[in-house]
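The block underneath contains the structure these notes are about, expressed in structure tokens.
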Amino acid sequence: MNRLTIYTSFSFLLDSFDLALRQKYKDFHFHIVTFRDHPARLLEQITKEAKVGVPTADIIIGPHWMVLDLQVRGLLRKYGSSELDAYQKGFYDEKGTWAAMALSPVGFAYNTELVNDAVSPKTLEQVLDEKWRNKLAVHSIVQNIEGRMGLAYLVTLQRFIGQRKWNEFIERLSNLKPAAYECMPEMALRVGMGEKHVGFPATLACISYYLDVQNRPIVFRQPTDVPPLWTFSPSIGIVKGGENPKIAEMAFDFALSQEWQEMIGGFGGKIPARKGVAEEGRIPEGAQYFPSKADVEQHPKYLELLRGRLGE
């Protein structure tokens with residue numbers, strides 16, 4: 001039996017990936033088992049399974065910070081896919097541990113019915129304006145029960161603005177006492193419903209449902225006072241404790257293939273990662289991709305630091 005176990009926090013994408021994989025390998029009878037949950041829970045699930053030595057996922061499809069954390073924990077295995085030749089350096093681990101499936105810009109969102117474009121924030125500095133007191137939502141930075149993009153964004157931000165400005169940023173953010181949401185799409189929904197005016201940070205991939213399907217009065221913007229920050233949303237990795245390594249490699253190859261990459265552009269907020277498939281001009285000049293493995297290794301230290309400075 002060609003059994004494939006996939007863990008993912010990208011439920012909508014997985015359904016299409018499942019069908020496309022079966023179409024690609026028509027002569028295979030795949031038995032695809034899935035486990036879907038928020039990324040923080042998937043990370044801990046795989047970690048627990050590895051610790052007790054029980055079978056776990058064959059592949060993981062999740063936000064880049066989570067896939068990198070699995071690598072930091074030694075829970076991904078090497079695989080030299082031939083498809084990696086079609087990806088630019090930095091879009092995959094040189095040892096084949098993980099690769100980007102899609103790209104997404106990261107910034108903030110605001111409600112267009114409550115915030116006029118003329119006074120809407122254009123920079124991170126403006127996101128911290130006193131006028132957003134009691135009107136600002138954040139993706140949880142220190143709780144991390146369901147995700148970690150808030151923390152990942154702030155850790156990466158320190159690299160670009162320096163320690164002094166970063167300390168000032170955290171102090172001003174704390175003074176605004178923003179409402180924290182564990183789930184980024186829920187944060188986007190609350191902004192779209194008008195409960196909050198501005199949401200930060202937000203990936204276009206995570207809020208696109210409310211833009212494209214529900215037509216909420218919400219727009220996405222990248223701040224202009226830092227380089228355009230982009231993340232891989234999602235990344236894919238092969239898990240070391242999976243039972244079916246050959247089937248996992250087939251799925252990994254397909255995720256990076258031109259065939260699937262041409263499909264993934266149809267998902268809201270996602271831009272194909274493969275060379276020659278991404279639309280010209282979609283990725284701005286000077287875009288920086290985050291987090292790095294070094295960033296993720298620093299997450300525990302920054303988490304302890306921020307717990308003492310941010311009350312959620």
Members of segment 106-125 that are under 20 Å from the mean Cα position of the chain (by Cα) and either assigned to a loop (DSSP other than H, G, I, E, B) or among the aromatic types (Phe, Trp, Tyr) (or both): Phe108, Tyr110
Enumeration of residues in segment 1-18 that are closer than 26 Å to Thr203 by Cα and over 19 Å from the mean Cα position of the chain (by Cα): Asp18
Search result, residues across segment 216-241 that are in a strand (DSSP E or B) and open to solvent by less than 20 Å² (accessible area, probe 1.4 Å): Ile218, Leu229, Trp230, Thr231, Phe232, Ser235, Ile236, Gly237, Ile238, Val239
Residue that is surrounded by the most Cβ atoms within 10 Å (Cβ to Cβ), among those in segment 246-300 that are under 25 Å from Phe220 (Cβ atoms) and acidic (Asp, Glu): Asp295
Scan of segment 88-104 for residues that are in contact with a Leu (Cβ under 8 Å, 6 or more places away or on another chain), open to solvent by less than 30 Å² (accessible area, probe 1.4 Å) and part of a strand (DSSP E or B), ordered by number: Trp98, Ala99, Ser104
Pairs with Cβ under 6 Å, 6+ apart, first in segment 113-130 and closer than 16 Å to Gln222 by Cα and in contact (Cβ under 8 Å) with a residue 60 or more places away in the chain, second surrounded by 11 or more Cβ atoms within 10 Å (Cβ to Cβ) and among the aliphatic types (A, V, I, L, M): Pro121/Val127
Scope segment 134-159; condition modelled with pLDDT of 95 or more and open to solvent by 70 Å² or more (accessible area, probe 1.4 Å); matching residues: Lys135
Any hit, segment 52-61, residues being within 14 Å of the chain's Cα centre (by Cα) and open to solvent by less than 30 Å² (accessible area, probe 1.4 Å): yes
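The values are calculated or read from the model by the stated rules, or taken from the named source; none is laboratory data. This structure is a prediction, so every number in the text was calculated from the model and none was measured. Don't worry about glycine lacking a Cβ; one is built from the backbone with ideal geometry, like all the others, and counts go over all protein chains shown. Ligands, DNA and RNA are stripped out before the accessible areas are found, and what is left, the full protein with its side chains, is counted by its heavy atoms. Shrake-Rupley method; radii C 1.70, N 1.55, O 1.52, S 1.80 Å.
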